Amino acid sequence: MNMLKTALAALCMALAPAAAQAQQPATAPAAAAPAAEAGTAAENAATPAAADNAATPAANAEAAKPAFPEAKPVDGIGQPVNGAIGLQPQVTKLGGEAHWMHDYILMPIMTIISLFVLLLMLWVVARYRAKANPVPSKTTHNTFIEVIWTLVPVLILVGIAIPSISLLARQYKPAPKDAVTLKAIGNQWYWGYEYPDHGIELTANMLPEDEAKKRGEPGLLAVDNRVILPVGVPIKVLVTANDVIHSWAVPAFWIKMDAVPGRTNEVTFTIDKPGVYYGQCSELCGARHAYMPIAVEAVSPEQFAAWVKTKGGKMPAEKAAEEAAAAAAEAANAANAANAAAASNAAEAPAANAANATNAAAAATGS
Ligand SMILES: [Cu+2]
């Protein structure tokens, strides 16, 4: 009996680590994702080489090397700087306006009000202390001062609200029809991306510190698959999540949008300058919240089209042209079929007439 108990205990202990591992479902998709991505990368790398013989030197390189050369990030652009204060340089028009409003309207107003209140308090403390002012005034109301201290803050707030609300409204203006659509999907703990109009999907996992350093990228911000977007074209980002609330945020674009499971949030911006811009998940989403960075590389529209090709995707115009060609071919086939049917009908008609005549003759003879 004791032997049996010991054996059972040993078995339980042996199974325990396996059970513990089975309780971490989040590790599995995250680990599976890079593997799946590697498969896609290999396929994608194979496609252009097979498609046209005039392949770029990059496509001739081993499959592990990306077919699309990644740009090097520039220090102080699109990434934080040690010891810096203030906001990152903005590369979107609305970001530039918001940055200007922060620096030249909000900060001066805040500074003036804080200093004014501080000086007022210091003056009151000094001037009306018990020693300097032994017989305090019994005044309880002063209508003029009360009107001033109500009216002035109201005017300041209205003055801030007018440009602020108009800026906010422009930030949430729906994207134009020709916008490039990117879908960003938050997962514990990586970002998935889709380009629904181009037929591209990718996942972005953080690069290990040493690998990031090797590539000349900042640690904790570099990813294995960057999001590539064209400059000068409106971008529509649809943000959602698969598990918990995340947030897709890129400071250089002035963008921070919550990624909520079961809901799609939309945000629009136009990037003005090519470059590499980093961001991070900005909603506390779990143990590895700090390790799901965002890296966007903005390139010229021509380079973007080339990248779409290396990923096995198609530009919407190309897709539309192909669809139109297919529809035209189908219409031509239908027309051919109709002609053939008409021709065979025409051939059958005299025969039918002859048969009818024979029948009529037989009937006449019969009667
Ligand atoms: Cu997150």
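Readers should treat all values here as calculations from the given coordinates under stated rules, not as data from a laboratory. All figures in this text were calculated on a predicted structure; none of them were measured in a lab. Virtual Cβ from ideal backbone geometry, glycine too; neighbours counted across all protein chains shown.
Taking the alpha carbon gyration tensor of the range 180-315, multiplying each eigenvalue by 5 and rooting it gives semi-axes of 21, 18, 14 Å, largest first. Here's the list of lysines a cross-link from Lys319 could span, going by alpha-carbon distance under 18 Å and ignoring same-chain residues fewer than 8 apart: Lys177, Lys309, Lys311.
Put in line by how crowded their Cβ is, counting other Cβ atoms within 10 Å and starting with the fewest, His289, His102, His198, His246 read His102, His289, His198, His246.
Ranked for footprinting exposure by Cβ neighbours inside 10 Å, fewest first, Met121, Met101, Met206 give Met121, Met101, Met206. Shown for Phe269, Phe116: other C-beta atoms within 10 Å of each C-beta, ranked fewest to most, produce the order Phe116, Phe269. Per residue, the convex hull spanned by the alpha carbons of the range 80-122 comes to 65 Å³. Derived from the Cα gyration tensor, the three semi-axes of the equivalent ellipsoid of the range 99-229 are 55, 24, 12 Å, largest first.
A straight line joining the Cα centroids of the range 192-224 and the range 110-152 runs 57 Å. At full extension, Lys319 and Leu151 could sit 54.5 nm farther apart than now, given 0.36 nm per residue minus the alpha carbon distance.
Asn133 to Glu209: FRET efficiency via 1/(1 + (r/R0)^6), r the Cβ-Cβ distance, R0 51 Å, to the nearest 0.05? According to the calculation, E is roughly 0.20. Shape of the range 138-195 from its Cα gyration tensor (a ≥ b ≥ c, root eigenvalues): rounded if a/c is under 1.5, otherwise prolate when a/b > b/c, or oblate? Oblate shape, in that a/c is at least 1.5 and b/c is the bigger or equal ratio. Subtracting the Cα-Cα distance of Leu106 and Asp75 from their residue separation scaled by 0.36 nm leaves 8.4 nm. Cross-link reach is defined here as a Cα-Cα straight distance under 17 Å, omitting same-chain residues fewer than 8 places apart; for Lys93 the lysines meeting it are Lys173, Lys236, Lys256, Lys273.
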